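Worksheet: one structure, shown below.
Each reported figure results from applying straightforward, stated rules to the coordinates on display, with no laboratory input. Note that this is a predicted model, so its numbers are computed, not measured. Reconstructed Cβ throughout: ideal geometry from the backbone, glycine too, with neighbour counts over all protein chains shown.
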Amino acid sequence: MKYDHQIIVVGGGSAGLVVAAGAAGLGADVTLIEREKMGGECLNSGCVPSKSFLRCAHRAAEIRESAGFGIRASFDGVDMEALLGRVGGVIREIEPHDSEERFRGLGVNVIRGEARIVGSHRVRVSEKEMSAKYIVIATGSEAIVPPIKGLSAAPFYTNRNIFSLKKLPADLVVLGGGAIGLELGQGFSHLGSKVTVIDMMERLFARDDREVGPLMEKLMQKEGIQFHLGARIMEVIQKDKSGFVRIEKDKKIAEVPFDAILVALGRKAVTDGLGLAEAGVAVDERGYVKTNLRQQTSVPGIYACGDVCGPYQFTHMAGYQAGIVLRNIIFKYPAKCDYSAVPWVTYTRPEVAHAGYTEEAARSKGFFGESMFCDFSENDRARTEGDLPGFIKIVTDKKGRIIGTTIVGKKAGEIIALSVMAIGRRLKATVFMNMIFPYPTESEIYALSSRNIAKKSLKPWMKKIIRMII
Ligand SMILES: Cc1cc2nc3c(=O)[nH]c(=O)nc-3n(C[C@H](O)[C@H](O)[C@H](O)COP(=O)(O)OP(=O)(O)OC[C@H]3O[C@@H](n4cnc5c(N)ncnc54)[C@H](O)[C@@H]3O)c2cc1C
């Protein structure tokens with residue numbers, strides 16, 4: 001059968017751009033359809049603005065803490081226009097990399113408009129219909145805004161419009177204590193907003209190791225953030241420019257005042273109007289596109305990658321899955337996703353980084369060996385920097401191989417990469433013992449953990465033999 005194109009990619013975000021650039025680079029005839037801004041959520045309303053915003057906010061926190069470093073400085077408030085001007089400036093610096101011009105230059109046929117899948121090999125944009133051997137769905141996700149009574153009438157924000165705030169909120173209520181809620185909530189708190197986080201979960205960082213949540217809750221509480229965990233959001237009541245969120249916790253009703261609300265209650269797949277049902281593309285009970293580990297959907301020839309299918313909603317996972325799609329489509333290689341060493345970072349201060357299995361997950365799967373905990377108070381660089389508290393926790397399987405790591409520390413996101421490599425290469429936890437780390441660095445915490453693990457695994461008879469040899 002003859003098709004108009006070899007590949008049609010729907011969605012020009014992190015996932016779609018990697019498929020389009022990769023396929024065009026390898027000589028395929030690719031069409032990319034994007035209905036809004038090239039670069040998707042990550043560039044325009046996700047990773048890039050949030051991390052640029054957090055840099056400003058964390059700088060404010062550093063200024064407030066300067067007395068502890070012997071520096072006299074005072075925090076005189078925030079110029080929101082200049083702050084968000086910087087955020088916009090960073091987006092503009094990165095934008096050309098994801099631009100239509102660059103992709104056209106790479107040989108991709110870029111079409112602006114809303115795509116609808118009208119058959120297993122057919123896509124329609126406005127009145128134009130085209131066919132392709134392969135279709136890749138990469139339409140991403142968006143914030144869930146639940147039908148909470150009174151919410152729609154209140155001045156609420158999501159990640160889509162929070163970076164265009166005109167002034168710093170005095171009382172910011174964050175609905176949802178997940179990564180987005182905590183990163184941005186802490187950022188606003190550092191800038192001077194009074195921040196309250198409300199979540200129905202009893203513990204923060206529920207997807208990370210158990211030790212993380214209570215520590216981070218305590219740290220953020222100390223900074224002034226108020227938490228209502230295990231609470232049910234009942235109603236939002238708006239009065240002029242402010243109001244309050246009514247919640248229920250332990251059968252008691254409480255009212256939390258706000259002048260702005262950030263809704264960070266989770267994400268949902270963007271599939272409305274995409275024609276999935278008519279095309280026969282199966283979705284799960286939460287509306288995410290179902291794929292196998294080769295990223296194939298239920299319809300032969302239609303693939304999906306990124307947030308629209310999950311199970312991990314990160315830019316690096318969108319890129320990883322896009323690579324799997326490319327290997328399957330172009331090289332006909334039955335490559336499969338391997339999720340055993342997936343890293344993620346929550347960019348709070350300190351950062352929380354994780355890779356692989358948590359202790360809980362390893363235990364439930366039956367391959368937990370042991371876990372080793374090492375505090376950053378034992379690391380000289382963390383002490384010189386004042387980067388405390390923090391810790392590393394390494395989880396091994398029964399053969400002593402690293403299968404998971406959690407790090408809480410100011411540079412946790414940078415040093416987790418060593419664990420990603422160790423897990424991927426099935427290395428033993430003692431591997432860092434003989435590696436030379438520059439002194440003083442926070443990555444030395446790995447060497448210390450390795451030594452502790454080696455010491456712990458020495459049996460009394462081994463120690464006896466060592467004594468005899470010496
Ligand atoms: C506040 C925030 C902070 C984040 N921070 C991080 C972080 O620090 N690190 C990290 O790894 N991840 C982070 N993420 C997650 C990250 O942004 C996503 O995982 C990533 O953007 C997913 O890429 P994607 O290509 O799947 O989807 P998207 O980036 O959402 O791209 C999908 C694209 O498809 C287009 N589209 C949708 N439907 C159609 C249609 N019918 N026709 C044509 N085009 C269509 C959309 O307009 C969009 O451009 C963050 C997310 C948020 C919200």
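A few comments on the model shown:
- Lysine pair count for segment 104-236 (Cα-Cα distance under 24 Å; residues 8 or more apart in sequence or on different chains): 5.
- Taking every Cα-Cα distance in segment 71-126 and sorting them into 5 Å bins from zero, the calculated P(r) comes out as 4, 13, 11, 12, 13, 12, 9, 8, 5, 5, 4, 2, 1, 0 percent.
- The alpha-carbon positions of the chain define a convex hull whose volume is 189 Å³ per residue.
- Eligible aspartates and glutamates near K2 by straight Cα distance, threshold 18 Å, same-chain separation 8 or greater: D29, E129
- Relative contact order of the chain, defined on C-alpha pairs under 8 angstrom at six or more residues apart (%): 13 percent
- Kirkwood Rh (inverse of mean 1/r, distinct Cα pairs), segment 153-242, angstrom: 13.8 Å
- Dimensionless Rg ratio for segment 313-470, taking C-alpha atoms and the 2.2 N^0.38 Å reference: 1.18
- From most to least packed by mean Cβ count within 10 Å, the peptides 253-262, 430-439 give 253-262, 430-439.
- Per-selection metrics, segment 219-281 (Cα): Rg and Dmax in Å: 17.9, 53
- Pairs of Lys in segment 376-446 closer than 18 Å at Cα, counting only those 8 or more apart or on different chains: 5
- Over the chain: helical MRE at 222 nm, DSSP H runs n ≥ 4 each giving -39500 (n - 2.57), nearest 500: -10000 deg cm²/dmol
- When the Cα convex hull of segment 20-178 is projected onto planes of every orientation, the mean area is 14.2 nm².
- Per-residue packing, averaged as other Cβ atoms within 10 Å, sorts the ranges 56-69, 201-214 into the order 201-214, 56-69, beginning with the highest.
- Span from the segment 227-269 Cα centroid across to the segment 1-50 one, whole angstrom: 37 Å
- Using the average count of surrounding beta-carbon atoms within 10 Å as a protection proxy, the listed peptides 335-342, 317-324, 182-189 rank, highest first, as 182-189, 317-324, 335-342.
- Listed by chain and number, the aspartates and glutamates placed with their C-alpha closer than 19 angstrom to that of K251 are D199, E202, E235; residues fewer than eight positions away on the same chain are left out.
- The alpha-carbon of K336 sits under 17 angstrom from the alpha-carbons of these lysines, leaving out residues fewer than 8 places away in its chain: K290.
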